[in-house]
Structure formats: structure tokens, C-alpha cells
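Only one structure is covered here, and it is reproduced in the block below.
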Amino acid sequence: MKENPAPSLEYILHEFDQCVDLIHRKFPLLAADILYFDHLIDKNELEREILQPFANVQADEMGPLLSGSPFNASFNSKEIVLGILKGDAAIFHDSCVYLVALYGPSNRSIEQSETETVIIGPHDAFTESAFTNLSLIRRKLRSSHLKVIQLSVGEVVKSDVFVLFIEGIVNMEYVNEMIKRIRDIEVDIISDSNMLVQHIDDYPNTIFPLFLTTERPDVIVSKLSGGRLVVIMDESPSVISGPTSLFEFFMSPDDYYQHWVIGTATRILRYIAFVITITFTAIYVSITTYHYEMIPENLLYTLIESRSRVPFPPVFEALLMEITIELLREAGARLPSKIGQTIGIVGGIVIGQAAVQAGLTSNILIIAVALSAIASFVIPSYVMSASIRFVRFFLIILAGIWGNFGLMIGISVIVIHLTKLTSLGSSYITPIAPLKVNDWRDIFIRGPFWMLKDRPSQSRTRNKVRNKMKR
């Protein structure tokens, strides 16, 4: 194990060798040196806390000055290096080193989330600053029971990670397990919470997200009050919540800001969209390949006429159009917003019409693929939507090989896979397995608020702690 040498100016300068952005200011009359990164500190703080006091003292007055606030003595070289990297100024005087917190680079202001938009309700979103995100949560959840534990990840680059939970509500087994998983991570650098999630998943190879990530403070506050824990990573606008279940990815904050009847109807619509997006194109392939007898007679003539000029089997026809839709989707996401919208709309219309006229696909398939694509946009979570699109290709291939039998096999495989998954050891398909009927009032429907007083069973807490917290 590498020794940690005694802190000295020479050693710290050697650690930052060839770092042209490191500022080294010398004060010969005071026998002091200051090291800091100019772009990481607040220059007004530097002037007020260090430069002005140094201009008004003599060499023999430096000791009493540095013994007070805001100067913190440090005797650890690694701590000094890390402090400078975090925006501290290191002051070297008489073989002693003092750190002064001056962090103050410009940060992105609090804005509306572009990936999780709502019509009704708060419009603020998390930023890349962990402390700004903590303040957003504290403003909405004013309770001394909200606890924050600080950790770090990364061997080469240390990134701050904060674990949040409400004491007395959360199951501490989840908290301890999350802390253990974060501490066990051995990787050079993790730059975003979406990367962190992949290191703490129960099943790293599954395509389904096992933790909910969001940019909305109101969502995180509701998860905390429901007995979940939250993980905030510095320099990432996405905040992690867990444990989670499959059905939480079909919920939207809009559900709670509208009347419960409207919220319920909208949530049911999302489940219908889920079924449409994974099965509609696969059912077309299955029926047109093996099961023409399932098509009504009037529609059968239309379908035969539509497919009469198509030279490909239905499965290749469907895959061609699905891949085209995915290409348009990806192009629209990567281009500037105004151009991306034009590419998506015009490209879809032009390519679809041209494909039908060229005899590469049928009109009915265009409708099926378009409905499947539109239904996938109804799902609030982008990560879950991407997973579902992958599942759609899997079912199309099975339907093209074995028809309805292959489609049933594919759905069975997906259901079996989902039943195996866990999030922090909790079942991923709660409240279906284990069966918790009481939770259905806020899963498949959005019940009125008087029905939602009980916390989700997944948090494993009892409401009697609420009375304890009010004391």
C-alpha cells in the first residue's frame, strides 16, 4: 500500500505537475503560499477570506489568523489534494497546511425538466449540483427525520454520493444494503448516476431498469415519504430511488395533480399502450404468416390486396419498418430540437408512403408500426420505454418463427424473467407477487387521496411510526 507522505508544498506541487490551471500565489513577507484552481473557486470569497486578511497582517500575526475560521488545518496529503480538486484553497505556512472552502463555479440554474414534462404541478428540476438538489428536496420536505449520508465512489476520480432516507419510515435493511453496494464499487470513475445504477443493480444483465431515476424533486419527495431511499450523485441531474417495482415506471406526477378519475383513466391508458407497443406488430406478423383464419372476411380481402405487391415475408417486412422507425427516433433525438421534430414527422410520412408505393410494405403494417411507436411514447419513463422497444423486436421474431405459439412463448419468458427480478432484494413485480391487493389502489388505478393513507407494502413499514414522528 502506498504511503501517505507528510504534507508539504513540494509534494503537492509534484502531484499537480503539468497542471497549468493550478494557481500558485506566493507571499514572501508572510512566508505563505496558496494553491488553488482559479476556475473552481469563488473569486469574491478568495478576496474576502484570504487576500484582504493577508494584506492587513504582519508575519508574526499569521499564526493567530490561521487558527480561526474559516481556516481548517490539514495533516493529510491526500486530503489536501482532494480539497484542492474540490475547490478549496490550500495555504502553506510554517510547515502547516490549511484548507479554505472557496468552491463557487458557475452552475446551471434550476429549470424545467425536458425529459419529464408535466402540464400541472411544479416545474422545477434537479441540476448537476448535488447541494442544489439537496436544497430542492429540503425545501419540499422540511423534516429533521430526513437523513443524509455522504459516500464517495471512484478510485481515480472521487465523486460524492449522498444517500437520503426518512428515519422511522424507511426499512434500514435497504439503506444498509445500498451503502454496502456503493462502497463495494471498484471503478476508476463514475460520472453520472445512470452509470452508478448499473453498478448497484441486483441483476446487471437484465434490460429492465431496477431503480427509478428522475429529474423531478416532487417525485423524489413522494418516494421518500413512501419509505424509499434516494441516492444523489454530484454532477448528475438524475436522482435514483429504490427499491422500485415495474409498475412505478408507468406512473406520472400528473396523475396526482389531477382529479383521481382522470388520473386513473390516464394510468389505465398507459397500461393499454404498453400492451399495444409490445404485441401489435408481433400479432400482425403472426396472423399474416400463420393464422389467416383469425382475420374477418371483409378485412381479409383488404389485407391480401395490400400485401399482394410485397415480396418479403411479414417478419422481414415488420423488422424493416421497425428499424426504420428506430432510426428516425434516434435521428430526431440527436438533432437540434426544431430540426429533429421536422425529421420525425416528415421522414415518417415520406418514407412510409414511399415504402407502400414501392411495394416494400403494406398499408396495414404501416398503421401497426405507427400505433406501436406512438404507444411507446405514452410511457413516462424513457428508460422503460427503451426496454419495451427491445422486447418488441424479440416478440416479432418469435411470432415470425412460430406464430401465436411463439408469441405466447415470448410473453411467458418475459413474465418469468420479471418474476425473478428484485430491486434491493424486494420483488420487482410487487404488488402482484407477493400479492398485496391493498397496493392496487395506487398501482393499476390512482385512488382518491383518502384511500392512499397507507404506505406501499414494498417499504415494509407500518403507519404507526407516523404518530411517533409527530411527537
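Observations
- Pairs from the table (Lys43/Lys147; Lys78/Lys223; Lys158/Lys420; Lys86/Lys147; Lys26/Lys147; Lys86/Lys420) lying more than 30 angstrom apart at Cα are Lys43/Lys147; Lys78/Lys223; Lys158/Lys420; Lys26/Lys147; Lys86/Lys420.
- In the complete set of protein chains, residue-level accessible area for Tyr271 is approximately 40 Å², probe 1.4 angstrom.
- Taking Cα atoms only, the orientation of helix 363-378 departs from the longest principal axis of the chain by about 30 degrees.
- FRET efficiency estimate (nearest 0.05) - Cβ-Cβ, Phe75 to Ala55, R0 35 angstrom: 0.80
- Geometric descriptor of region 1-98, per residue, is 97 Å³ (volume of the convex hull of the Cα atoms).
- Taking Cα centre as origin and charging only the Cβ of basic (Lys, Arg, +1) and acidic (Asp, Glu, -1) residues, the dipole magnitude of region 78-131 rounds to 180 debye.
- Carbon + sulfur, % of accessible area of region 9-101 - ligands and nucleic acids excluded, 1.4 Å: 52 percent
- The Cα center of region 303-337 and the Cα center of region 62-81 differ in position by 65 Å.
- Heavy-atom accessible area order for His93, His123, His14, His145, largest first, 1.4 Å probe: His14, His123, His145, His93
- Angle in degrees between helix 337-357 and the longest Cα principal axis of the chain, rounded to the nearest 10: 20 degrees
- Ranking by accessible area, most exposed first, for Asp21, Asp88 with a 1.4 Å probe: Asp21, Asp88
- In the context of the full set of protein chains, the chain has a per residue accessible area of 52 Å² (1.4 Å probe).
- The chain, dipole about Cα centre (Lys/Arg Cβ +1, Asp/Glu Cβ -1), debye to the nearest 20: 2300 debye
- Ignoring aspartates and glutamates fewer than eight residues from Lys140 along the same chain, the ones with Cα atoms less than 14 angstrom from its Cα are Asp124, Asp218.
- Computed over the chain, the alpha-carbon pair-distance distribution with 10 angstrom bins reads 4, 16, 22, 20, 16, 12, 7, 3, 1, 0, 0, each value a whole percent.
- At the listed q of 0.15 Å⁻¹, the Debye profile of region 227-274, built from one uniform point per Cα, gives log10 I(q)/I(0) equal to -0.55.
- Shape category assigned to region 259-426 from the gyration tensor of Cα positions, a/c cut at 1.5: oblate
- Cα convex hull of region 19-63, projected area averaged across orientations, nm²: 3.4 nm²
- Between the Cα long axis of helix 297-307 and the first principal axis of the chain there is an angle of about 60°, rounded to the nearest 10.
- When the helices of the chain are scored as -39500 (n - 2.57) per DSSP H run of n ≥ 4 and the total is divided over every residue, the value at 222 nm lands at -14500 deg cm²/dmol.
- Neighbour cut-off at most 13 other Cβ (10 Å), DSSP loop, trypsin sites (Lys or Arg not before Pro), region 206-312: Arg309
- Figure note: Phe449, Phe162 ranked by solvent-accessible area, largest first, 1.4 Å probe, ligands and nucleic acids not counted: Phe449, Phe162.
The values are calculated or read from the model by the stated rules, or taken from the named source; none is laboratory data. Here the structure is a predicted model, which means the values were calculated and not measured. So basically every Cβ, Gly included, is an ideal-geometry build from the backbone, and we count neighbours across all protein chains shown. Protein only, heavy atoms only, side chains kept; ligands, DNA and RNA dropped before computing areas. Shrake-Rupley method; radii C 1.70, N 1.55, O 1.52, S 1.80 Å.
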